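Comments concern the structure below.
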């Protein structure tokens, strides 16, 4: 069996919402590099990134049609969309549609914030991991 390396296996990409000096929010795309490592011996090596700080988690679930009016993030946190479909809009007017597996880092804790809309037909569920300021 021939192993073929995929260029996508050694990096993870996520969305980031941040605040500029004027208090407006914007999207950015962040790529985290991974390397093949024996991270859980005796299991075979797999791709792993550097550690990031985190100490707790929670879940958010939005009902169909739910709209979170313009608001800052309550804390710096990663959101991993588990199910459903949402749109997030920053104050510069950029809208991104997210689906299961999408990851967002919210850092707009001191700005006017962003708008989140559940645009799917069902519930939208997120795994949320608050993280300290980098």
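The values are calculated or read from the model by the stated rules, or taken from the named source; none is laboratory data. Nothing here was measured: the structure is a model prediction, and the numbers come from that model. Positions of Cβ are generated from backbone atoms using ideal geometry, with glycine treated the same way; all protein chains shown enter the neighbour counts.
Tabulated results
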{"quantity": "Subset tally (residues that are over 16 Å from the mean Cα position of the chain (by Cα) and within 14 Å of residue 127 (Cα to Cα)) for the range 47-61", "calculated": "1"}
{"quantity": "Residue 97, sole failed condition from (1) surrounded by 17 or more Cβ atoms within 10 Å (Cβ to Cβ); (2) at pLDDT 95 or above; (3) closer than 18 Å to residue 18 by Cα", "calculated": "(1)"}
{"quantity": "Any pair with Cβ under 6 angstrom, 6 or more apart, that starts in the range 16-28 at a residue that is within 14 Å of residue 109 (Cβ to Cβ) and ends at one that is at pLDDT below 95 and crowded, with 17+ Cβ neighbours inside 10 Å", "calculated": "19/111; 23/111; 25/111"}
{"quantity": "Meets criteria (modelled with pLDDT of 95 or more and in a loop (DSSP other than H, G, I, E, B)) for residue 68", "calculated": "no"}
{"quantity": "Matching residues in the range 108-117 - criterion: being crowded, with 21+ Cβ neighbours inside 10 Å and at pLDDT 95 or above", "calculated": "108, 113, 114, 116"}
{"quantity": "Check on residue 61, in contact with a strand residue (DSSP E or B) (Cβ under 9 Å, 6 or more places away or on another chain), in contact (Cβ under 8 Å) with a residue 12 or more places away in the chain and more than 19 Å from residue 13 (Cβ to Cβ)", "calculated": "yes"}
{"quantity": "Odd one out for residue 37, checked against (1) closer than 25 Å to residue 111 by Cβ; (2) free of Cβ contacts under 8 Å to residues at least 60 places away in the same chain; (3) in contact with a strand residue (DSSP E or B) (Cβ under 6 Å, 6 or more places away or on another chain); (4) surrounded by fewer than 16 Cβ atoms within 10 Å (Cβ to Cβ)", "calculated": "(1)"}
{"quantity": "Residue ranges of strands (runs of 3 or more DSSP E) in the range 91-134 with at least 3 members touching a residue at least 40 places away in the same chain (Cβ under 8 Å)", "calculated": "103-106, 114-118, 124-130"}
{"quantity": "Those residues of the range 100-130 which are more than 17 Å from residue 28 (Cα to Cα) and under 12 Å from the mean Cα position of the chain (by Cα), in sequence order", "calculated": "100, 101, 126, 127, 128, 129, 130"}
